[in-house]
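A short worksheet on the structure shown next.
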Amino acid sequence: MTVNPTYLPPVKNKKRKPIIISLVVFLLLFGSLLVFYWKQQSKDNPLVSDLPTICEYSADETKNILNKIETTPEQMMSDYFYYGETLLLLENKYELGERDPFLGRQVHLENLCNEQVVSFLLTNHLDGNIPVEELEEGFYLASIELDLENHVLVSDEILDDTFYTMNRDGVQKRINIIADENYFVDNNLKEKIFNQHYVFIEVIEEKAPEIVYDIMIDPAHNDQDFGPLDQGLIEDDFVEADALYELAKKMKIEFESYGLKVGISREKQEILNTYGQPSRVYSAYETSAKIMIELDMIKSLDVVTVVGSSYGLLSLPEMVAQEIPDGVGTVDRRLGLLDYHNLIRETGGYALGATRYSEISERLNQFAKENRHGTQTISIQFPTMEKGEQLIESSVQGIINYINIQP
């Protein structure tokens, strides 16, 4: 027998429809209340800009100033470094001995805090460029003059570099190089000011951290650079390395009387080599010293000789030598493109081609190779210890004159 299924139509639940309608109405009302509450909260607590500010301006004032900057025409900047307290900006990657297209041109720094512009000629003398210690507090936009027109500098990479000037009459400055298109971004308001790494220099009066020194003094000898211990000249009770250390202590006290922070590379009995970590070269880098002074007795000399880098001006060696009776200021001789004096060369870092002299310097001084805060080092060389204290006083006076500290 065959049974045919009987189709029964679904029975509508008449009670479900009002429930669904009520739920929809409830959700609409609840959503409306949420929207109303959110709008009310927005009125009571509007979004606050978190845009980094400049010149003690508000975020809105900062934004207005930055938006007014004329960013065309542009000029690419690919490198920079400090030597002592001077800053050099370069179009191309730095190559020791090669002339960069920026050299011989004027760089202009516009202080966005007061619209004042200061200009500096870029030169191949590493200590003859932008003297950052002379910059007033402010936030500067960097440009370079090309074909009688200012071109705003754009870095080919993000830069965030902090440098401290020497302590002059109780005043130090923190120098920040900033080049980052994502620096001036308002994350709360979803606004971005720039789309290129425009180069800015921020100058703020601020005491340097305790680890930062102004000057490092290096009494020669007490090293094993070539194997045996080198203590210099030894005659009876006289040990040159010890005598030089005592002079370094006197020099340190003299400098400190001017408010400078000064270190000595080694202790009296410490054996410290020129290269490596720790080392004499490393003592300049780990303290961020702007100037280093080597004290060395060389009996074959006829007069006191003050030696500086062949890539610098004669200003520092000559200003020291002028204060010393029969003193002579000179620059180092070169071996190829490199300064021959190892301490002068290696403490100069990136600026002076550190690590390029030998396999030993390459292996031991890697910390110096790309260091863009080069120390300006001079070597004060004298034939005798006679009048040593007078020599120290005269040398200190010459350096104080150079860095322009008022008595």
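The values are calculated or read from the model by the stated rules, or taken from the named source; none is laboratory data. In this text the structure is predicted, and so the values were computed from the model without any measurement. Using ideal geometry, Cβ is built from the backbone for each residue, glycine included, and neighbour counts are taken over all protein chains shown.
Say whether the condition of being surrounded by 18 or more Cβ atoms within 10 Å (Cβ to Cβ) and within 19 Å of Q390 (Cβ to Cβ) is met by at least one residue in the range 258-274.
yes
So which residues in the range 363-407 are assigned to a loop (DSSP other than H, G, I, E, B) and closer than 20 Å to D332 by Cα?
T375, P383
Return the residues of the range 152-171 that are buried (at least 20 other Cβ atoms within 10 Å of the Cβ) and either free of Cβ contacts under 8 Å to residues at least 12 places away in the same chain or farther than 14 Å from Y80 by Cβ (or both); say none if nothing qualifies.
Of everything in the range 152-171, those that are buried (at least 20 other Cβ atoms within 10 Å of the Cβ) and either free of Cβ contacts under 8 Å to residues at least 12 places away in the same chain or farther than 14 Å from Y80 by Cβ (or both) turn out to be V152, Y164, T165, M166, N167.
State all residues of the range 305-329 that are closer than 19 Å to T375 by Cβ and part of a strand (DSSP E or B); if no residue qualifies, say none.
V306, V307, G308, G329, listed by residue number.
Against the conditions (1) more than 25 Å from C113 (Cβ to Cβ); (2) modelled with pLDDT under 95; (3) surrounded by 17 or more Cβ atoms within 10 Å (Cβ to Cβ), where does D186 fall short? Just the number, please.
(1)
Can you name the number of the only condition in (1) touching a His at 6+ places or on another chain (Cβ under 9 Å); (2) closer than 12 Å to I392 by Cβ that K249 fails?
Exception for K249: condition (1).
Taking N222 as meeting all but one of (1) over 24 Å from the mean Cα position of the chain (by Cα); (2) surrounded by fewer than 17 Cβ atoms within 10 Å (Cβ to Cβ); (3) at pLDDT 95 or above, write down the number of the exception.
Among (1) over 24 Å from the mean Cα position of the chain (by Cα); (2) surrounded by fewer than 17 Cβ atoms within 10 Å (Cβ to Cβ); (3) at pLDDT 95 or above, the lone unmet condition for N222 is (2).
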